[in-house]
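Below is one structure; the comments refer to it alone.
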Amino acid sequence: MHRHTEDHPTRNEDEYFARQNAELIKEMRALLDEQRREISRREHFMKCPKCGGDLTERDFQDVKVDVCPECHGIWIDQGEIGLMRHIHESRGPLSRLMSDILEIFHHPKTGDATSPPR
C-alpha cells in the first residue's frame with residue numbers, strides 16, 4: 001500500500017493536479033488563440049482585399065466608400081449598401097446603372113435585394 005508523504009503524493013492528488021494543470025493549459029490556449037485572432041483582425045483592418053494596400057474612407061454623396069489608392073478598388077460595406085437602397089427608394093427611380101449596381105449586392109442569405117434589372 002502506498003503511503004502519503006511530502007515527497008510522494010497519493011494517486012488522488014496526482015490526478016487532481018493533473019486535472020488542474022489540464023484546465024489551466026486549456027484556459028491559456030483559449031487566451032492565446034483570442035489574442036492571435038485580435039492581432040489578425042488589426043492587421044487586416046482597412047486593408048484592400050485585392051492588393052493589401054491601406055484603404056481610405058471617402059464620402060460619395062451620402063454614402064461612405066473605402067478606396068484603395070494602389071489598385072483603385074472601391075469597397076462598400078453592407079450597411080452602406082442598405083443606405084444606398086434607402087436613398088434609391090426615397091428619392092424615386094435612379095438610373096438603370098445604379099439599379100444594376102445595387103442588384104450586384106443582392107445578399108442571398110437575407111433575401112435583401114432590389115428589383116431585378118430591366
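So what does residue 56 come to for accessible area, using a 1.4 Å probe and Å² rounded to 10?
Residue 56 has an accessible surface of roughly 60 Å² with all protein chains in place.
With r defined as the distance between the Cβ atoms of residue 51 and residue 30 and R0 fixed at 25 Å, what FRET efficiency is calculated, to the nearest 0.05?
On the way: r = 34 Å, r/R0 = 1.35.
Result of the calculation: an efficiency of 0.15.
How do 36, 11 rank by accessible surface area computed with a 1.4 Å probe, from largest to smallest?
Output order, biggest surface exposure first: 11, 36.
The values are calculated or read from the model by the stated rules, or taken from the named source; none is laboratory data. Note that this is a predicted model, so its numbers are computed, not measured. Glycine also receives a Cβ, built like all others from the backbone with ideal geometry; neighbour counts cover every protein chain displayed. To get the accessible areas, we keep the full protein, side chains included, count just its heavy atoms, and leave off ligands, DNA and RNA. Shrake-Rupley method; radii C 1.70, N 1.55, O 1.52, S 1.80 Å.
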